[in-house]
Amino acid sequence: MSPAAIISAAPSPAHGTKKSVASSAKAIITPSLILSDNLINSLPPWVKPDLDRLLHVEHSSGSFASRSISLVNLPAGAIFARITNPTPATCAYSSVQASRNLHIELNCDLVYINHSCRPSLVFDMTRWEIRVSPELEGGLKVGDELTFFYPSTEWDMAQPFDCHCKEAECKGVISGAKNMSVEVLSKYWLNAHIEELLKETSAWSC
């Protein structure tokens, strides 16, 4: 991940009203593969995609200033790309949390997909797929910035930051799902490992 951000301290944990979320257990589209339990903390053998046909990276000067732009039109819920070239990693500003106990480095230009509080994509780490957000009205268009909601994968981020997505629903400091209220998280698609960790907190109930 490459947050267009200014680093700051994480906020104090907040608790909200008990609500349910858009579970990753409910497939947005027919999945090509659901990993078995013994593979959930390993890396599946996908074929490497040609990302040059999917996105363009705009490199800008300054820290965390680069961003990725879509080169394709896709409807909401469609597969944008598969995560095909990851390696296990420690939790870092550039890593993605793939399960409860696994962080990965993407090792490709997908790392330039920034955070937004109104994301164009979702990272489904159960299926190792990146899909167009089911909430993206009109789907993904050529020229749209590619973004996802970091707390949908990240429980406790190594490098919290002040979000500058400029959306009306901007959440301010982003430090992971651990430090966000259930009321806020209930409005977003979340990965299964984030839901599992939330269920273990006193503020969460399905």
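Taken together, the values in this text are just the output of simple stated rules run on the coordinates, not laboratory data. It should be emphasised that the depicted structure is a prediction, and the values quoted were computed from it without experimental measurement. Note that we place each Cβ from the backbone using ideal geometry, even for glycine, and neighbour counts take in every protein chain shown.
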Please list, in order along region 72-89, the HN-Hα scalar couplings obtained from phi with the Karplus expression 6.51 cos²θ - 1.76 cosθ + 1.60 (θ = phi - 60°), rounded to whole Hz, x for Gly and Pro.
9, 9, 9, x, 4, x, 6, 5, 8, 7, 10, 7, 10, 10, x, 10, x, 8
Mind ordering 148-154, 136-142 by average Cβ neighbours within 10 Å, highest first?
148-154, 136-142
Across Lys141/Lys199; Lys166/Lys187; Lys166/Lys199, pairs whose alpha-carbon gap is larger than 24 Å:
Lys141/Lys199; Lys166/Lys199
Taking amide hydrogens as modeled 1.01 Å from N in the peptide plane, which residues meet the under 5 Å criterion relative to Leu190, leaving out close sequence neighbours?
Ala22, Ser24
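May I ask for the Rg/Rh ratio of region 60-206, computed from Cα atoms with Rh as the Kirkwood radius, given to two decimals?
My calculation of the ratio gives 0.93.
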Tell me, what ³J(HN,Hα) does each residue in region 93-108 have, in order and in whole Hz, if you take phi through Karplus 6.51 cos²θ - 1.76 cosθ + 1.60 with θ = phi - 60° and put x for Gly and Pro?
4, 9, 8, 10, 7, 8, 7, 4, 10, 10, 10, 10, 9, 6, 6, 6
Return the long-range amide H neighbours of Gly176 (sequence gap of 5 or more, or a different chain), with a cut-off of under 5 Å between placed amide H atoms.
Met157
